[in-house]
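The values are calculated or read from the model by the stated rules, or taken from the named source; none is laboratory data. Keep in mind that this is a model prediction, so the values were computed, not measured. Cβ atoms come from the backbone with ideal geometry, glycine included; neighbour counts cover every protein chain shown.
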Amino acid sequence: MSIFVKSSGNMIQKISAPISVQLVFDHRRRSVSPRQIMWDGRVIRIAKVGMHHTVREGRTLFHIFSVVSSNLFFRLKLDTDTLFWTLEEIADGLPN
């Protein structure tokens, strides 16, 4: 199920869909960066990683990544217990 939310002129769609993610771990910088996602039969290249933070729900730690492709914003969630990725939100960044 997806939900559309209008926020500050942007259309945000809450998704909560499983995705595949290709990422790079840089041992020198000790950082992880998603490079592309595979969702709904499409490959979407990540142009930039905006914010990365962690949240804990009960005993489970989640990594949250805010990323942007060429024209869309995404919120990705990594479950550290299962190592499964979820696409949480999409925003178009365009005023309505």
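Descriptive notes on the structure:
- In this entry, VAL32 is excluded by the filter for residues that are of a type in the set (Val, Ile, Thr) and either touching a Pro at 6+ places or on another chain (Cβ under 6 Å) or at pLDDT 95 or above (or both).
- Applying the condition of being aliphatic (A, V, I, L, M) and farther than 15 Å from THR86 by Cα to region 47-68 and asking which residue is surrounded by the fewest Cβ atoms within 10 Å (Cβ to Cβ) yields MET51.
- Yes/no for VAL67 being in contact with a Pro (Cβ under 8 Å, 6 or more places away or on another chain) and either free of Cβ contacts under 8 Å to residues at least 24 places away in the same chain or over 21 Å from TRP39 (Cα atoms) (or both): no
- ARG59 being over 22 Å from ILE12 (Cβ atoms) and either more than 14 Å from the chain's Cα centre (by Cα) or not basic (Lys, Arg) (or both): yes
- Consider region 69-96 and keep the residues that are of a type in the set (A, V, I, L, M) and surrounded by 11 or more Cβ atoms within 10 Å (Cβ to Cβ). The one that is farthest from GLN22 (Cα to Cα) is ALA91.
- Filter pass, ILE37 being aliphatic (A, V, I, L, M), under 9 Å from the mean Cα position of the chain (by Cα) and in a strand (DSSP E or B): yes
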